[in-house]
Amino acid sequence: MSDGESTHVDVIVIGLGPGGEKVAGLLAEAGLKVVGIEGNLVGGECPYWGCVPSKMMIRAANALAESRRVNQLAGSATTNPDWGPVAQRIRDHATHDWDDTVAVDRFVGKGGIFVRGYATITGPGVVEVNGDTYVAAGGIVVATGTLAAVPPIPGLADTPYWTNHDIVETTELPESLVALGGGPIGTEFAQAVSRFGVNVAVVEGMDRLLPHNEPEAGRLLTEVFEAGGIAVHTGQFASEVSFDGTQFRVILADGAEVTREKLLVATGRRTFLDELGVATLGIDPQAPFLAVDGRQRVIDGVWAVGDIAGEGQFTHLATRQAAVAAADILGEDPQPLNLAALPAVTFTDPEVGSVGLSEAEALAEGRNIAVVVRPVSRTARGWLHGVGNEGLIKLVVDIDHDVLIGATSVGPTGGEVLGVLALAVHAQDSHPDASVDDLRLPHVPQGHRERPQRPSMTLRNYRVQVNLFRRYQRWWPRR
């Protein structure tokens, strides 16, 4: 109902990216009066400028790379790269020319009230947008996501730099490009456009590409990039950027210069807590993210889901958080998410996947660990794959408890292998008090095909974990 200029509802959801749209839809379907506010496109970064269009780019680029391997595997082939079909596919099939009508109709069809605009929280349960005031009896869900963070490099703000939005929307590729940032976004885009003939350089201030992954993964990816013609500059932050109308000039800390036609900023993501008005709720507006509990609660009457919750910038995580938040708002008793085995994949070629603790993180926690590393080329799968089989598998094992606590999979099917490793890492949380001797699979003589009776899913998971390490331990020396 309306009271003067205020509209009273049950719940206000600010931001309708994957997480926000999910929680708003669930609550509306449950019969609550929900207003969903979005200043950009309903669906968020993922379908319009993130994981969906970028994977279309990567798919096309990888097809080109595979065609160039034909000469070493199956005869001869010649390909001529053309960005036109990629740009058209992104425009027509992924983004509908950056039109969110279908997504808006989907939310409204569930009973939600849609408002286009940028919201400001003005008090507990009170939000203003476009000069109108909405008051929520049940609370506010914040799901405003992130946008590209632009570092304060002298000169950069005055240049026509690109972010992930610009490179996804471009219909013509430049002759050359420099990517500032060697994380997942920078490396994925850099390799994709390089395979279409763009002269690419990557500048990463940390000591390696993918600095949040294991060092072995970053070093291997650097080797692959350089072999593919991508210039990699690590261990140096850009100290100055300029643009003369045709070329970007990036000066590195040691005085070296990198010049390219376009510049892509991929140095991280930022939230909008100050602009959102969280200070009116007693929340620090300078915090990088909103801290949440196991029910996605920030404070009483406020929930956060998606990137802004700071637990991993992944679409699949955002939608799971949305389910937890919706259940809590509806008075149910949701089980908190277990993030100990949260997998993540960077879709470069080779793919880089990781789950659990890295070697450095495990040591920082004081764990007594064994680490095993094996090149994918030494596995049967890698040997059969042949050219393009660069990769490795790294396991981090808590040897006091005989459990796998972290793993990295790099290779042509790194994401697929990671699924098995994630299951193994997750098993330690599924049955933490079980005895390894009790859970170990019984010995089956070679050639004996009869399978033991299948135990419960929890025990099976744990057995997979234990035997996976024991099998690899026989093959790989500890270090």
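Structural remarks
- Filtered by the rule that a residue be more than 18 Å from Val104 (Cβ to Cβ) and in a loop (DSSP other than H, G, I, E, B), segment 1-50 gives Met1, Gly4, Glu5, Ala30, Gly31, Leu32, Gly50.
- Matching helices (runs of 4 or more DSSP H) fully within segment 355-471 where at least 2 residues are surrounded by 14 or more Cβ atoms within 10 Å (Cβ to Cβ) and at pLDDT 70 or above: 359-364, 414-430
- Candidates are the residues of segment 59-100 that are in a helix (DSSP H, G or I) and at pLDDT below 90; the one that is surrounded by the most Cβ atoms within 10 Å (Cβ to Cβ) is Val70.
- So Glu214, is it among the acidic types (Asp, Glu) and touching a helix residue (DSSP H, G or I) at 6+ places or on another chain (Cβ under 8 Å): yes
- Matching residues in segment 286-320 - criterion: being assigned to a helix (DSSP H, G or I) and at positive phi: Gly306
- Of the helices (runs of 4 or more DSSP H) that lie entirely inside segment 153-237, those containing 1 or more residues that are charged (D, E, K, R) and surrounded by fewer than 20 Cβ atoms within 10 Å (Cβ to Cβ) span 164-169, 215-227.
- The lone exception for Ile251 - which of (1) modelled with pLDDT of 95 or more; (2) aliphatic (A, V, I, L, M); (3) within 25 Å of the chain's Cα centre (by Cα) it fails: (3)
The values are calculated or read from the model by the stated rules, or taken from the named source; none is laboratory data. Remember, it's a predicted structure, so these values are computed and weren't measured experimentally. Note that each Cβ is placed from the backbone with ideal geometry, even for glycine, and that neighbours are counted across all protein chains shown.
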